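Below: one structure, written as structure tokens.
The values are calculated or read from the model by the stated rules, or taken from the named source; none is laboratory data. It should be emphasised that the depicted structure is a prediction, and the values quoted were computed from it without experimental measurement. Here the Cβ positions follow ideal geometry from the backbone for every residue, glycine too, while neighbour counts run over all protein chains shown. Remember, those area values only see protein heavy atoms, side chains included, never the ligands or the DNA or RNA. Shrake-Rupley method; radii C 1.70, N 1.55, O 1.52, S 1.80 Å.
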Amino acid sequence: MKKIITTIIVIFVVFIGIVVAGPLFIINEGEQAVVVQLGRISNVITTAGLKLKVPFIDEVVRYPKKIMAWDGEARIIPTAERQFIFVDVVARWRIADPKKFYESIKTIDAAYSRLAEIIDSEVRTVVTRNPLIESVRNSDIIMDRSSGIEIEITEGSEEEVISTPMQVNYSHEPIKKGRRRLAEEILANSRGMVPEYGIELIDVVTRQISYSPELTPSVYARMKRERDQIAMYYRSQGEGKKAEWLGRMNNEKRSLLSAAYMEAEEIRGRADAEASRIYAEAYNRDRSFFDFWRAIESYRQTMPKFKKTLTTDMDYFRYLYSPRQ
């Protein structure tokens, strides 16, 4: 009887141990796992759900299935001209083959370290082989936009439009690859080195490029020189347009003044003719009164200006002293 009870207790303890050890385990969404049996991979699980394992023997190593980000440190790298710049890149990656990942790296931290070695090495290689301008610009679009702008000036009516193409002529280094192409080259080179670790490298992006303190003044000076060339051209174009518009305005002003002067002279001529006709008509009606009125008007204008009168024995003063007039 005691043996039976002992056997039951042993069986119960073993059962409890098996339950505690957990023959069942759950793989959540966004997870994948490698089942290791006595140091050897016995199963690779890539789907979510309830799974079985051998208690006390199988070890479940879980890995994220999602896309992860690798954030590198900004490093100072020389360009082809031996000009030093700070380059900061980021990458996205995921575990594509859990079996290879476990066999070669095992942990996520080790994967980050290995990615840092590979990507930093390729960034240094690519940046060092190319000029500075290739790393800081994507294309010549900003230069092309600055060098060809059409301005429409409407004058007079809506139908009269003058289009003036403005071409900025200045020299700059052409972009052969550009910042984006360099990032693609880094990605291609790095991507070929990570499959052996069970890793898929999705992309590599240059997050930031900054100049070293020694390089910053020369870069700013070059940028200022390029902008000054564009501004100088715009100013010359503006001065030319200003001279053209001022000349057009002066011509129009002279034309308007000439027409107005001609019209004023015509009106003045007609008015003088009318005044002469009225004077002649008044003179013919009463000549003596007309002479008297003209003399009085003349006295009003000239007498206040006389400071000294030596004699009045003149025909001009006949209406002042002659009682018969």
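Could you list, in sequence order, all residues of segment 71-90 that are among the polar types (S, T, N, Q) and at pLDDT below 85?
Our first condition is that a residue be among the polar types (S, T, N, Q); within segment 71-90, this holds for 79, 83.
Of everything in segment 71-90, just one residue is among the polar types (S, T, N, Q) and at pLDDT below 85, namely 83.
Hey, could you check segment 1-49 for residues that are within 28 Å of residue 68 (Cβ to Cβ) and in a loop (DSSP other than H, G, I, E, B) and say which is modelled with the lowest pLDDT?
Only one residue fits best here, namely 22.
Quick test for you: out of 63, 102, pick the one residue that is of a type in the set (Ser, Thr, Tyr), part of a strand (DSSP E or B) and open to solvent by less than 90 Å² (accessible area, probe 1.4 Å). Talk me through it step by step, then tell me what you get.
Details: 102 fails: part of a strand (DSSP E or B).
Testing whether each residue is of a type in the set (Ser, Thr, Tyr), part of a strand (DSSP E or B) and open to solvent by less than 90 Å² (accessible area, probe 1.4 Å) leaves just 63.
Looking at 67, 26, which one is without any contact (Cβ under 8 Å) to a residue 60 or more places away in the chain and of a type outside the set (Ser, Thr, Tyr)? First the steps, then the outcome.
Details: 67 fails: without any contact (Cβ under 8 Å) to a residue 60 or more places away in the chain.
When all the criteria are applied, what remains is 26.
Yes or no: residue 239 at pLDDT 90 or above and either under 27 Å from residue 116 (Cβ atoms) or not in a helix (DSSP H, G or I) (or both)? Spell out the reasoning first.
On the way: at pLDDT 90 or above: yes; either under 27 Å from residue 116 (Cβ atoms) or not in a helix (DSSP H, G or I) (or both): no.
Criteria not met by residue 239.
Looking at segment 226-255, I want the residues that are within 25 Å of residue 174 (Cα to Cα) and of a type in the set (D, E, K, R) and have a partner that is at pLDDT below 90 and open to solvent by less than 100 Å² (accessible area, probe 1.4 Å) with Cβ atoms under 9 Å, at least 6 apart or on another chain. Which pairs are those?
Listed pairs, sorted by first residue: 226/143; 226/146; 226/170; 226/172; 227/146.
Of the conditions (1) open to solvent by 40 Å² or more (accessible area, probe 1.4 Å); (2) under 43 Å from the mean Cα position of the chain (by Cα); (3) over 19 Å from residue 197 (Cβ atoms), residue 78 satisfies every one except a single condition; which number is it?
Of everything listed in (1) open to solvent by 40 Å² or more (accessible area, probe 1.4 Å); (2) under 43 Å from the mean Cα position of the chain (by Cα); (3) over 19 Å from residue 197 (Cβ atoms), residue 78 misses just condition (1).
Going by what's in this entry, would residue 280 be described as open to solvent by less than 60 Å² (accessible area, probe 1.4 Å), at pLDDT 90 or above and among the hydrophobic types (A, V, I, L, M, F, W, C)? Write out each step before concluding.
On the way: open to solvent by less than 60 Å² (accessible area, probe 1.4 Å): yes; at pLDDT 90 or above: no; among the hydrophobic types (A, V, I, L, M, F, W, C): yes.
It is false that residue 280 is open to solvent by less than 60 Å² (accessible area, probe 1.4 Å), at pLDDT 90 or above and among the hydrophobic types (A, V, I, L, M, F, W, C).
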